[in-house]
Amino acid sequence: MSSTVKDIQDEIIEEFSMLDSDMEMTISYIMELGEQLPEMDESLKTEQNIVKGCQSKVWLNATLNDGIIDFQADSNTAITKGLVSLLIRIVSGRSPQEIVDIDFYFIDKIGLNRFIGTQRSNGLGAMMKQIKLYGLAFSTLV
Amino acid sequence: MATLEKHKIDIDKVRAEFPILDQKVNGKQLVYFDNAATNQKPQRVIDALVHHYQTDNANIHRGIHTLAERSTTAFEETRKVIQVFINANEAEEIIFTKGTSESINLVASSWGRKFLNTGDEVIISALEHHSNIVPWQMICEERGAVLKVMPINEKGEIILEKVDELLSEKTKMVALNHASNSLGTINPVKEIIKKAHAAGAKVLIDGAQATSHLPVDVQDLDADFYAFSAHKMYGPTGLGVLYGKRILLEKMPPYQGGGEMIKEVSFEKTTYNDIPYKFEAGTPDIANVIAFKEAIHFINELGKANIAAYEDGLLTYATARLKEIDSVRLIGEAANKVGVISFEVEGIHHFDLGMWMDAKGVAVRTGHHCTQPLMDFYCIEGTVRASFSVYNTLEEVDIFISALKSIIERFNK
Ligand SMILES: Cc1ncc(COP(=O)(O)O)c(C=O)c1O
């Protein structure tokens, strides 16, 4: 694993700083990121995999392979999907311990809270919590 | 560019009273189209709040000093202004609450506990806000009563023939809105009240979406209860009204216990105050009640007929412009509507649309609008809703439409 959780978060902060806090450009960029999110298998979009708290729907699934967690996620809305893809970019392919230790500081740094609003960032918050729960659950297996 | 006729609204003068409208959000001029959720407050309402706290503030009804007297007088004046506004028979029939929701809960809980029994029926409509569903579900469950629903047609109108079928000697209460917050449908409440009374039932009207647009005469309607919120009619938040006929209110037990609602208290027995105080336990929202009077003056000065004519113009124009866009599907096309338009856009989630609209300075509401059963009827999760107040303009409708068109383009690229 070359880049750390910190490297990727710093990279994201750098990318967003170029958008100059312009709301339209930011949303547009977030949507583009969503379009790059690897497709989630339809069979994984189960009721059980829905993350609660989102105004829009988010599905999150995780599997453990050789001590590494793979996350698959999707959303039924384009903007949330973009936000989801940011999280996935940070957390996919990491060990359970790395996931447990993650501090998602990029959210505040790129002003996502301001852009996304509480109601919706709660959804993002729920997803981050769920990611950590997966980390915790898998850490008992490795 | 379209123009509006048949009204006497001086729009520049009206807008000048709303300082909040003159601002940029996300770098764009604000277009506020979320008026059905809450509308903005004219300067006179804000001034009245400030004035109250700066010069008159005291608790009411109990004090004998000058400030208490001033506050009490101003507070009770609002009650009289509301009495006239909805043409209630007497000011004592006006009860202050936290809002429409509390007004409905008060009736469901107090009237329901006394008058609903096993096997009785309460009828609501398929167009109701959760506030006019859940309190009835709760009391029906508690009393063993049955909740029934007046169905609607595809346009979002209550099917009157079905109302006749539902009404029977078992019906004890019919509760429905005067106008729907999700679709804008204006319901034929006078007719339904007549039918309900003929069956021996009482009627509660949820007027939350009606009072700032439609003439409301509770005696002419013969409504038994009429509930509304100040914040949807240019007034302060957290304040509402319950109108009830004296003969009913007198028979109902208090809703909450506390100060103000009592005559005498001993540990053995408490005697309750007369209406309206019996239902106003504790210190009420004094400042907001006092400021609310100014909101009603604002509406009265413009005149409801003028407001309605003006908003109808906005509604007609916005509806026509939305229909120009192929991928737009209007939800709810009742013949009679207040200034509310719900729609979806093919291939774009309402959440994404709302976020994009906001980025372009346009505030609309997205989601189920607290009417999930209604969304189920249309087999949708939610809509985008644009809703108008008297300070909105045709130019704003144009901004809204071009914003929408450019968002659709962005998604299709
Ligand atoms: C039709 C209708 N009923 C009830 C309510 C609830 O009003 P409040 O939240 O002020 O109690 C609303 C407002 O959202 C409404 O539109």
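Read the figures in this text as sums done on the coordinates, not as results from a lab. What you see is a predicted model, and the numbers here were worked out from it, not measured in a lab. Note that we place each Cβ from the backbone using ideal geometry, even for glycine, and neighbour counts take in every protein chain shown.
Observations, loosely collected:
- In order along segment B:11-28, the phi-based Karplus estimate (6.51 cos²θ - 1.76 cosθ + 1.60, θ = phi - 60°) of 3J(HN,Hα) comes to 5, 5, 5, 4, 4, 4, 7, 10, x, 5, 5, 8, 7, 9, 10, 6, x, 10 Hz; Gly and Pro are listed as x.
- Chain A - convex hull of alpha carbons, volume per residue in Å³: 103 Å³
- With only the Cα atoms considered, segment B:265-369 has a convex hull volume of 231 Å³ per residue.
- Segment B:ALA320-B:GLN54, length gained on full extension (0.36 nm per residue, minus Cα span): 91.0 nm
- Between B:ILE11, B:ILE82, B:ILE296, the Gaussian network model of chain B with springs among Cα atoms under 10 angstrom shows the greatest mean-square fluctuation at B:ILE11.
- Computed from backbone phi, the HN-Hα couplings of segment B:400-413 come to 4, 5, 6, 4, 4, 4, 6, 5, 4, 4, 4, 6, 8, 6 Hz, rounded to whole numbers (Karplus: 6.51 cos²θ - 1.76 cosθ + 1.60, θ = phi - 60°; Gly and Pro given as x).
- Inter-part distance where segment B:153-200 and segment B:28-69 are each reduced to a Cα centre, Å: 35 Å
- P(r) weight above 35 Å for segment B:46-300, C-alpha pairs, percent: 16 percent
- Counting DSSP beta bridges with both ends in chain B, the antiparallel % (nearest 5): 60 percent
- With helices as the sole contributors, the protein assembly as shown gives -12500 deg cm²/dmol at 222 nm; each DSSP H run of n ≥ 4 counts as -39500 (n - 2.57), and the sum is divided by every residue.
- Nearest-ten-degree value, helix A:23-35 long axis tilted from longest Cα axis of chain A: 30 degrees
- Straight-line cross-link reach from B:LYS170 at under 14 Å between alpha-carbon atoms covers these aspartates and glutamates, not counting any fewer than eight positions away in the same chain: B:ASP120, B:GLU121.
- Rg and Dmax of segment B:38-189, Cα atoms only, in Å: 19.9, 59
- Using alpha-carbon coordinates, inclination of helix B:134-143 to the longest axis of chain B, degrees: 40 degrees
- For segment B:175-282, the list of chymotrypsin sites (Phe, Trp or Tyr not before Pro) that fall in a loop by DSSP and count at most 16 other C-beta atoms within 10 angstrom reads B:PHE267.
- Rel. contact order, % - alpha carbon contacts under 8 angstrom, at least six apart, segment A:1-77: 20 percent
- GNM result for chain A, Cα springs below 10 Å: residue of A:ASP66, A:ASP74, A:ASP20 fluctuating most strongly: A:ASP66
- Cα extents of segment B:168-229 along the three principal axes, largest first (Å): 34, 24, 18
- Total formal charge among the other residues, if their Cβ is under 14 angstrom from that of B:SER131, Lys/Arg +1 and Asp/Glu -1: -1
- Directionally averaged projected area (convex hull, Cα atoms, segment A:1-71), nm²: 6.8 nm²
- The distance linking segment B:277-347 with segment A:39-77 is 40 Å (Cα centroid to Cα centroid, whole angstrom).
- Ranked packing of B:398-409, B:45-56, A:34-45, most packed first, by mean Cβ within 10 Å: B:398-409, B:45-56, A:34-45
- Largest-first principal axis extents, alpha carbons of the protein assembly as shown, Å: 77, 62, 57
- Restricting segment B:143-239 to GluC sites (Glu not before Pro) in coil, as DSSP defines it, with at most 13 other Cβ within 10 Å: B:GLU154, B:GLU169
- Taking the DSSP bridge list for the protein assembly as shown and keeping only pairs wholly inside it, about 65 percent are antiparallel.
- Peptide packing: for B:380-393, B:329-342, the average count of neighbouring Cβ atoms within 10 Å per residue gives the ranking B:380-393, B:329-342, highest mean first.
- The alpha carbons of segment B:128-234 stretch over 39, 31, 28 Å along the principal axes, in descending order.
- Highest GNM mean-square fluctuation among B:LEU183, B:LEU221, B:LEU167, for chain B modelled with Cα contacts below 10 Å: B:LEU221.
- Loop-located trypsin sites (Lys or Arg not before Pro) in segment B:1-70 (DSSP state other than H, G, I, E, B) with a sparse environment of at most 13 neighbouring Cβ atoms within 10 Å: B:LYS6, B:LYS8, B:ARG62.
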